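Asks: Sending over a structure as structure tokens; questions will come in a sec.
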Amino acid sequence: MDYLDTAIVLTLVIITVAEFSALTTDKLMSMIGSRTRGYDYWCECVVEEVRLSLIHDVDFTAAQSAHVLEKLNTLMAYEREKAKPYLNRSVLLNNILSSASKVSAPKKADKLAQVLPDRIAKCDHSATSRFRLRTGVKVACVATIVALALNISSLSLINELESTDAEDMTLLQSQIESLNTRLEAEDDPTNAGAIMIELRSRLNQRSDLESKTFSVGPIAPGINRISIEWVFGCVLTGFLAGLGAPFWRQQLSRLMTLKDLKEQVPVDKTAGLNDSEVPENQWGDASVGDASLNESAIKDSAIKDSVINVPSGVTGKFIPTNINWDPLSNQIDLDVIAQGKPERVYTPEELVHTLRLRLAPQYNANLAAVNIRPESLKKLAPSFFSSN
């Protein structure tokens, strides 16, 4: 799966876990009175700021300040009785200014109206930051428990999404069909034996792929729940969910924008390659090389092979088998089975050069190297390669 698609699916899973965990956390907070405690913290901050403003900003007397604070406490106590206590800022300011205007001159009430919003804003910011931090930690804890219970490991999910099992199965099936066809048409017992060995290997690989199961979700079998990697993946899911669903919805929007931009600039992976340059299958039913290779492909490979100035047109019927591609180093190790006599003798470097040009399109990459295993080279040496 494309890395953007992987990121999008992972983000959707985290959003789902975050939303569920937030709802669960909200219910738990209501049950244990956590919202009420947060409201009390905000009320204490507001009362203190109003008291300081009345004394220092507008020079209220003790009796005037006591009257205003008494009305304010009555309003706050009324809101506190609700299931989800919340006091709108405009209601709060109107209550304070109304009480102040009854016990003071208009000028003092006007000055209070100018300085009080900034003081209350400080309480809003402090209480909101404190509430969000505590809520985020609680959501992360709940999300971690959900991830552990439902087997939602971010690392396992990434591995599953990045898996190429479907592509590998398709490739193996085509290889098995090709090998069966070759085996039916083969008359030489030696070559037939080599094909049967290769066929048995591919059948075993297909059986292993078919037996694999999805490793994420509550019904996934064979989960090692004491594995450090699995526990870390679930904890990572909880931590990411703790950042909040709104945050991940923003990231999802950005990822979708990037995906749209990427689709608007299509990349033709077969650019510079003629139809005749791509073999019908991996096993090269026809000659694996000829002199009609595309000039651009030869030029690209010639850069890497500048030390070895060899032609690319190795001809003769030979089969690459036991191919092992390392995507990190971008190299291929393989064996080669030759059939019949070549038109002339070649050097191993010439064969490697041609194999690399021929196999590169199948891996959508300009291969760094193709390595023929020493045992295979020894078998080819007497009839296929020159002594130098």
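Asks: Hey, rough spin-label estimate for residue 2 and residue 330, points 7 angstrom out along Cα→Cβ, what's it come to in nanometres?
Replies: 2.1 nm
Asks: May I ask for the net charge around residue 192, where only other residues with Cβ less than 14 Å from the Cβ of residue 192 are counted and Lys, Arg are +1 while Asp, Glu are -1?
Replies: Working: positive: 182, 200; negative: 184, 186, 187, 188, 198.
Overall, the nearby charge balance is -3.
Asks: I've got another one for you. Can you give the net charge of the other residues whose Cβ lies under 15 Å from the Cβ of residue 154, counting K and R as +1 and D and E as -1? Please list the in-between numbers first.
Replies: Details: positive: none; negative: 160, 162, 229.
That sum, taken over residues with Cβ under 15 Å, equals -3.
Asks: Rank-order 172-182, 147-157 by packing density, defined as the average count of other C-beta atoms within 10 Å over each peptide's residues, highest first. Intermediate values should be presented prior to the final figure.
Replies: On the way: 172-182: 16.3, 147-157: 20.2.
Packing order, densest peptide first, comes out as 147-157, 172-182.
Asks: Rounded to the nearest percent, how much of the accessible area of the range 1-103 (1.4 Å probe, protein heavy atoms only) is carbon and sulfur?
Replies: Details: 3370 of 5640 Å².
With neighbouring chains kept in place, the figure for the range 1-103 is 60 percent.
Asks: List, in the order given, every pair from 71/108; 27/82; 84/111 whose Cα-Cα distance in the structure shown is over 22 Å.
Replies: Those over the limit are 84/111.
Asks: Which of the chymotrypsin sites (Phe, Trp or Tyr not before Pro) found in the range 1-110 are in a DSSP loop and have at most 14 neighbouring Cβ atoms, other than their own, within 10 Å?
Replies: Here the chymotrypsin sites (Phe, Trp or Tyr not before Pro) that fit, given the DSSP loop and packing criteria, are 86.
The values are calculated or read from the model by the stated rules, or taken from the named source; none is laboratory data. This one's a predicted model, so the numbers in the text were calculated from it and none came from an experiment. For neighbour counting, all protein chains shown are included, and Cβ atoms are generated from backbone atoms with ideal geometry for every residue, glycine included. We work out accessible area using only protein heavy atoms, side chains counted, and drop any ligands, DNA or RNA first. Shrake-Rupley method; radii C 1.70, N 1.55, O 1.52, S 1.80 Å.
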